[in-house]
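The values are calculated or read from the model by the stated rules, or taken from the named source; none is laboratory data. A quick note: this is a predicted structure, and the numbers were derived from the prediction, not measured. Cβ: placed from backbone, ideal geometry, glycine included. Neighbour counts: every protein chain shown.
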Amino acid sequence: MNIRELEGRLEFLENRVKAQEKELMTLKDIEAIKKLQKAYGYYVEHMMYQEIVDCFSDSPDVVLNWLEGQWLGKEGVKKYFAFMQKAPPTFQHQVMQIAGIVDIELDGKTASGRWYAFGGIFFPLPEGMRRSFVTGIYENRYIKEDGVWKILSIKWVIPYAVSMPGEWRMPEDVNRPYLAGQWRGPAPDVPIDSKDMRYVTGYIFPFHYKHPVTGRPTSEDEKNARLKEMKQGTSG
């Protein structure tokens, strides 16, 4: 192999390595966006205001395009979710982020994603529990700022929702037989704890990860403490 052939071979290998590095970065970006979107869904379930707001870019191009209207910029996001935060801690709005398709733009700094959101809404009202299933579709835009992916815009539609007239079993209902000692299986090594917050409607199961944008611990402990205080006040 002469020098020219060797140089050509080296150039080919260098280009191949660069292409593989780009492919690897694209895959990493897609996974980062998927984690961001799924984390957003967990935070929305309990209307965790600060964690939701932190998912969004600071760009003036931020848009929440809901069925109720549009909220613009980071301030618009804050305004909308500050209103939603007024829901009681027992409110749960489960929206599973599923069937995600993410495409990274050629610039490597912006992306688009489409998701189904499916789940249930449990909203305690004075006249009783409002219950429904809802399905939605997100068409989202994302932007990479300082190496971190953030939500740039959300466009949302609800193809269908179903109100549920029957009785729904909340955590207190599901766990009541166990708390009453009606378990007929093998005895546990550690007895059931009647103060376990997993048996309480609105409890946020602690996250194993920090916020994907801020890197900070999330506020479930604070919200769970508020729920516990509310429950103690009710029982008292």
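Of the helices (runs of 4 or more DSSP H) that lie entirely inside the range 1-88, those containing 1 or more residues that are farther than 29 Å from PHE118 by Cβ and of a type outside the set (Ser, Thr, Tyr) span 3-45, 73-84. Residues that are assigned to a helix (DSSP H, G or I) and without any contact (Cβ under 8 Å) to a residue 24 or more places away in the chain within the range 141-173 comprise just one, ASP173. Would you call GLN50 in contact with a strand residue (DSSP E or B) (Cβ under 9 Å, 6 or more places away or on another chain) and surrounded by 15 or more Cβ atoms within 10 Å (Cβ to Cβ)? In short, no. Taking residues in the range 78-92 that are buried (at least 16 other Cβ atoms within 10 Å of the Cβ), and partners anywhere that are among the β-branched types (Val, Ile, Thr) and not in a strand (DSSP E or B), the pairs with Cβ atoms closer than 7 Å and at least 6 places apart or on different chains are LYS78/VAL53; PHE81/ILE52; PHE81/VAL53; THR90/THR201.
Checking ARG130, ARG184, ARG176 one by one, the residue that is in a helix (DSSP H, G or I) and either aliphatic (A, V, I, L, M) or loosely packed, with under 15 Cβ neighbours inside 10 Å (or both) is ARG176 and no other. Within the set LEU36, LEU64, the sole residue that is surrounded by 17 or more Cβ atoms within 10 Å (Cβ to Cβ) and in contact with a Leu (Cβ under 9 Å, 6 or more places away or on another chain) turns out to be LEU64. Confirm whether LYS228 is charged (D, E, K, R), touching an Asp or Glu at 6+ places or on another chain (Cβ under 6 Å) and not in a loop (DSSP other than H, G, I, E, B). So LYS228 does not fit the description; no. Every condition in (1) at pLDDT 85 or above; (2) within 30 Å of ILE30 (Cα to Cα); (3) surrounded by fewer than 17 Cβ atoms within 10 Å (Cβ to Cβ) holds for TYR138 except the one numbered (3).
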